[in-house]
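What follows is a short report on a single structure.
The values are calculated or read from the model by the stated rules, or taken from the named source; none is laboratory data. Not measured: the values here are computed from a predicted model. When we count neighbours, we look across all protein chains shown, and the Cβ atoms used for this are built from the backbone with ideal geometry, even at glycine. All accessible areas refer to the heavy atoms of the entire protein, side chains included, with ligands and DNA or RNA removed. Shrake-Rupley method; radii C 1.70, N 1.55, O 1.52, S 1.80 Å.
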Number of protein chains: 2
Amino acid sequence: MKAIQDFYPDPLAQCFGCGRLNDHGYHLRSFWVGDVTEARFTPQPYHTALPGFVNGGLLASLVDCHATGTAAGAAYRKEGREMGTLPPHRFVTASLRVDYLRPTPIGPELLLRGRVLSISGRKVVVEVTVSVGSEVTVRGEVLTVEMPESMRPGPPRPPV
Amino acid sequence: MKAIQDFYPDPLAQCFGCGRLNDHGYHLRSFWVGDVTEARFTPQPYHTALPGFVNGGLLASLVDCHATGTAAGAAYRKEGREMGTLPPHRFVTASLRVDYLRPTPIGPELLLRGRVLSISGRKVVVEVTVSVGSEVTVRGEVLTVEMPESMRPGPPRPPV
C-alpha cells in the first residue's frame, strides 16, 4: 500500500523525517484509515531521553511529519483529486505544539494518529496523537501551510 | 569550557539530543553567556526538510534540549549552587511550542539562544530562538519540569 509520502515528487521527498529519498532519515509513512491518518514507528534504543523513555525531540519530529503528510492528503481529498496528480500538494509547518502527557516508554511500536481540525485556503490544522498500546502519551497540534514558492526546489538533486 | 549538559550525571546523560553518552545523538551543548544561554549546531546535509532548508523536527529537537539544559542551569543559579553539585537538576519537557518564522537555510551554523521566562517550584519556562547570521528563523517556548521520580533511572547503564 502506498503511503501519502510515497506520492511526493522526488524533489519534495528528501525530508529527514519522512522523505523516501533521505538515506539517513526516519522514513515515516502515513496512511488514511477512514477519516484519520495513521503511521507507525519503532524508535531505536538510542532514541532515548532519560533511560527507558523516548526522546521528546524525536516525538516532535514524528508529529511534525505526520501532520504535514496528513495535510497533503487532506488537500487532495478536499479537491476530489487522486494523490500524485499534479500540481502536487506539499505542506510545511508554521507552528507546532506538542504536549507530553506522560513519558513514552522506549521499545514498543508507536502509533501516530492524525485528524484534520480545519482546512481553509492554504492552511490545514492537524491534531496528532502518539500512543503506546492503548495509552496516548503525546498530543500535538500543528499549523501547516502549503509550501511557499520561495521554498520550491530547483532541478532534482541526488539523494542526501 | 564545560557545558551545562556536561554536568549531568552519567545515568542522565544519554539523551539523543544532548547526551554526551549517546553515540548516535546530536550532542547539543549549552553555555551561559551572561543571563542567556547559547548553543551552536551545524546541521548535516541530510537534516533537510525541503531541499535547502533545515528540517523542522530537528529544529524542535534542538529547541527542546537547549530549553531543558537552560532550565537545569537556571535551577542551580536560583539556589546559588555550583553546577554538578548534588542532588542534580535535570528537567524534562511538559509542553513545547515552536513557531517557524521563516525557512531556516541549511549549511550555516545555527545559534540557539535561551532565556528563562519564569521559574517557580519545579517548573521553568524557557524561550529559545534559533538564528542564522543576524536573522531569527525560529522561536520556541518550552515548559520544562524537574524530572519526576517515576523517570529516575536505576543503576547506570552502558552508553546507547
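When +1 charges are put on Lys and Arg Cβ atoms and -1 charges on Asp and Glu Cβ atoms, the dipole computed for chain B relative to its Cα centre reaches about 180 debye. A quarter of the convex hull surface defined by the alpha-carbon atoms of region A:15-68 gives 4.1 nm² as the mean projection. Between 0 and 90 degrees, the angle of helix A:56-79 with respect to the longest Cα principal axis of chain A falls at about 30 degrees. What stretch of chain A, leaving out the sites themselves, is the longest with no GluC sites (Glu not before Pro) in a DSSP loop having at most 12 other Cβ atoms within 10 Å? Between exposed loop sites, the widest span is A:1-81.
Dipole magnitude for the protein assembly as shown: computed about the Cα centre from +1 point charges on Lys and Arg Cβ and -1 point charges on Asp and Glu Cβ, it is near 180 debye. Centroid-to-centroid, using Cα positions, region B:81-160 and region A:111-135 are 25 Å apart. Taking the empirical scaling 2.2 N^0.38 Å for compact globular proteins as reference, region B:62-155 has a Cα radius of gyration ratio of 1.18. With label points defined 7 Å past Cα in the direction of Cβ, position residue B:133 shows copy-to-copy spacings of 5.2 nm, given to one decimal and shortest first. With only Cα atoms counted, chain B has Rg and Dmax values of 15.2, 46 Å. Available extension along the chain between residue A:134 and residue A:95 is 11.3 nm, counting 0.36 nm per residue and deducting the alpha carbon span. Taken over the protein assembly as shown, the convex hull of the Cα atoms encloses 134 Å³ per residue.
Taking trypsin sites (Lys or Arg not before Pro) across region B:1-90, the ones in a DSSP loop with at most 14 further Cβ atoms lying within 10 angstrom of their Cβ are B:2, B:81. Among the lysines, which fall within straight-line cross-link reach of residue B:78, defined as a Cα-Cα distance under 23 Å, with same-chain neighbours fewer than 8 residues apart omitted? Leaving aside lysines fewer than 8 places away in the same chain, those within reach of residue B:78 are B:2, B:123. Helices in chain B, meaning DSSP H runs of at least 4 residues, each add -39500 (n - 2.57). Divided by all residues, the mean residue ellipticity at 222 nm is -5500 deg cm²/dmol.
Selection among A:63, A:83, A:133 by position relative to the dipole of region A:53-134 gives A:83 as farthest towards the positive end (Cβ unit charges, Cα centre).
Solvent exposure of residue A:27, expressed as accessible area, is near 80 Å², computed with a probe of 1.4 Å over the protein chains only. Tell me the relative contact order for region A:76-160 as a rounded percent, counting alpha carbon contacts under 8 Å between residues six or more apart. Reported relative contact order: 31 percent. With the simple model of a label 7 Å out from the Cα in the direction of the Cβ, residue B:117 to residue B:85 spans 3.0 nm.
Averaging the sequence gap over all C-alpha pairs within less than 8 Å and six or more residues apart, then dividing by the number of residues, gives chain B a relative contact order of 25 percent.
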